[in-house]
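What follows is one structure encoded as structure tokens, with my remarks underneath.
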Amino acid sequence: MKLFNSASLRKTMEYAQPYKKRFRWVIFFAISLSIFAAVRPYMLKETVNQYLQPRDHHGLLIYIGLMGVVLILEVSSQFLFTYWASWLGQDIVKDIREKLFEKIIAFRMSFFDKEPIGKLVTRAVSDIESIASIFSQGLFMILSDFLKMFVVLGFMFYMNWKLSCIVVVTMPILLYATRVFQLSLKASFQEVRTQIANLNTFVQERISGMLIVQLFTREKIEYEKFKEINEKHNQAWIKNILYNSIFFPIADILSSLTLGIVIWYGGISIVEGDSITTFGDLFAYTMLITMLFNPLRQIADKFNVMQMGIIAAERVFEILETSEEIENKGKLQAPSFKGFIDITDVHFSYIKGVEVLKGINLHIKAGQTVAIVGSSGAGKSTIINLLNRFYTIDKGKICIDGINVEDFEISSLRKQIAVVLQDVFLFSDTILNNITLYNPKITREFVIESAKKIGIHDFIESLPNGYDYNVKERGATLSSGQRQLIAFLRAYVSKPSILILDEATSSIDSHSEELLQKATDYLTHNQTSIIIAHRLATIVNADIIIVMDKGRIVEQGTHDELLSIEKGYYSNLYNSQFKKSILL
């Protein structure tokens with residue numbers, strides 16, 4: 001098993017290219033740190049041999065002062081190295097996170113249909129932060145430690161080759177233990193990251209679906225499921241802790257044994273009059289052995305951090321390298337459409353081999369209001385998704401004003417189509433920002449003027465702070481009807497060429513009925529509009545009603561024309577559902 005995925009590390013390092021200058025400074029400070037750290041024990045040896053034993057007080061004072069200067073330089077190098085390495089890491093992950101978010105918001109809707117939201121949140125937040133540790137606690141720290149070990153070994157052999165040989169003999173044992181430790185931890189870290197993603201996904205979904213959890217009294221069931229997932233997460237970390245608990249005592253024992261053997265051998269050499277070994281050597285080696293073994297011990301720990309970062313990078317690059325974007329090959333900038341829509345022999349399937357639309361043909365004239373009705377799963381909303389190019393059709397084509405929608409640049413196409421959904425999504429922000437979506441071309445004055453036109457200005461002003469009222473997450477402080485009205489205004493101020501109401505009136509409460517009707521009339525007046533709705537007034541007044549069943553258009557015509565079809569699909573639907581609503 002490889003210690004880590006070098007391909008992922010290489011991809012990560014490519015993001016350091018814009019920061020080459022800072023990268024070089026980090027290397028410079030790492031080299032400086034290793035040199036100054038190794039010089040101190042050597043100076044201690046000289047202090048003992050040249051000034052302490054001969055009792056040279058003046059020379060001792062000067063040399064201690066020099067040691068103080070070296071210490072200050074070492075501390076300064078340590079500070080600059082740590083700060084610049086962490087700074088570099090944070091800038092790199094900032095760039096990766098921006099690239100990741102840019103990638104995610106360009107994915108087609110089918111990607112979000114199959115990928116858990118919690119997994120994507122994990123990738124964009126905690127995994128990205130783990131990548132930062134590659135630089136702040138991993139790669140550069142390992143490089144610094146290796147440099148320090150190399151310089152320390154050089155000084156040791158320069159001072160006393162006999163004592164140095166004793167130290168070198170024990171190092172392969174620690175190196176072998178380190179390698180075994182790293183290989184074991186890689187598998188452990190992969191399991192930890194998997195369990196973290198599972199935990200995030202579970203918590204995200206349950207919090208988002210808390211209404212269902214409590215409505216169906218699933219608290220105990222979900223709690224037991226959470227305990228099971230949390231236990232797996234806990235066990236993954238315990239395995240990681242176990243490996244650390246085994247390795248670090250072994251490293252400490254080897255370090256202590258080596259130091260003991262060196263002191264014993266060096267002491268005997270001095271007693272027997274060996275001129276090679278001095279008291280200064282023993283003093284210096286007590287520091288040098290610690291400086292040699294501690295980095296080796298810490299390198300294993302930093303390899304763990306680095307492995308965690310590289311495993312996280314693998315997961316992030318998996319998303320970055322996913323080819324799920326809608327093909328945006330269109331070059332035309334969509335103009336303000338007249339509103340002619342032609343749907344010709346369109347076939348589509350969310351799952352390959354299971355067609356949702358089976359050869360749809362539909363012609364909509366400019367300025368027409370078209371209603372689409374049918375049972376759930378008939379394919380009504382799918383037509384809307386294809387018109388906006390959220391999905392790619394399997395066969396056929398969709399044209400607006402005679403031009404295939406695939407020939408338009410996607411963002412320009414969507415700017416000309418406004419959609420009001422049944423399940424309105426509002427951000428945790430002010431009403432004004434939820435309407436404008438931070439479009440600088442939509443002014444506050446225009447929003448207020450538009451709200452007055454469609455009759456919801458007084459409703460907004462009745463809220464605390466009016467247009468500056470914060471609706472909280474998903475608009476939780478507003479009723480479903482109020483959220484619908486905000487969505488209507490959001491659609492209106494975007495000045496669309498084509499308006500789509502995707503069952504947008506089904507959640508309106510009776511208090512908002514009058515406001516809704518006025519808003520609908522304003523939005524659909526002389527505007528090409530497609531309405532998927534259950535509201536009787538909207539259906540009846542439509543220029544043409546399309547009836548769908550099992551992915552096909554089974555009937556189309558005006559309200560009166562469809563009612564005249566004996567035992568027709570629409571007639572049965574009207575009699576069973578719409579007529580009942582009139583009686584109510």
Among residues of segment 86-118, those that are among the hydrophobic types (A, V, I, L, M, F, W, C) and under 17 Å from A313 (Cβ atoms), counted: 7
When residues of segment 362-381 are limited to those that are touching a Lys or Arg at 6+ places or on another chain (Cβ under 8 Å) and not in a loop (DSSP other than H, G, I, E, B), the one nearest to D401 (Cα to Cα): I372
Identity of the residue in segment 187-214, among the small types (G, A, S) and farther than 17 Å from E473 by Cβ, that ends up most open to solvent (accessible area, probe 1.4 Å): A187
Lone unmet requirement of (1) surrounded by 15 or more Cβ atoms within 10 Å (Cβ to Cβ); (2) out of contact with any Gly (no Cβ under 8 Å at 6 or more places or on another chain); (3) in a helix (DSSP H, G or I); (4) touching a residue at least 12 places away in the same chain (Cβ under 8 Å) for F390: (3)
One residue from Y63, Y51, Y83 being closer than 24 Å to F150 by Cα, free of Cβ contacts under 8 Å to residues at least 40 places away in the same chain and part of a helix (DSSP H, G or I): Y83
Residue ID - farthest from the chain's Cα centre (by Cα), chosen from residues in segment 470-496 that are assigned to a loop (DSSP other than H, G, I, E, B) and farther than 22 Å from S412 by Cβ: S479
Hits in segment 3-32 (condition: farther than 24 Å from R97 by Cα and surrounded by 18 or more Cβ atoms within 10 Å (Cβ to Cβ)): F29, A30, S32
3 or more residues touching a residue at least 40 places away in the same chain (Cβ under 8 Å) and buried (at least 16 other Cβ atoms within 10 Å of the Cβ): qualifying helices (runs of 4 or more DSSP H) within segment 108-168: 117-122, 128-133, 139-159
Count - residues of segment 424-446 that are of a type in the set (V, I, T) and either in contact with a Phe, Trp or Tyr (Cβ under 8 Å, 6 or more places away or on another chain) or not in a loop (DSSP other than H, G, I, E, B) (or both): 4
Residue count for segment 418-437, restricted to those that are within 21 Å of L499 (Cβ to Cβ), surrounded by 16 or more Cβ atoms within 10 Å (Cβ to Cβ) and not hydrophobic (A, V, I, L, M, F, W, C): 3
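The values are calculated or read from the model by the stated rules, or taken from the named source; none is laboratory data. Just so it is clear, the structure is predicted and the values come from calculations on it, not from any experiment. Cβ sites come from the backbone with ideal geometry, for glycine too, and all protein chains shown count toward neighbours. For the accessible areas, the whole protein counts, side chains as well, though only heavy atoms, and no ligand, DNA or RNA atoms are used. Shrake-Rupley method; radii C 1.70, N 1.55, O 1.52, S 1.80 Å.
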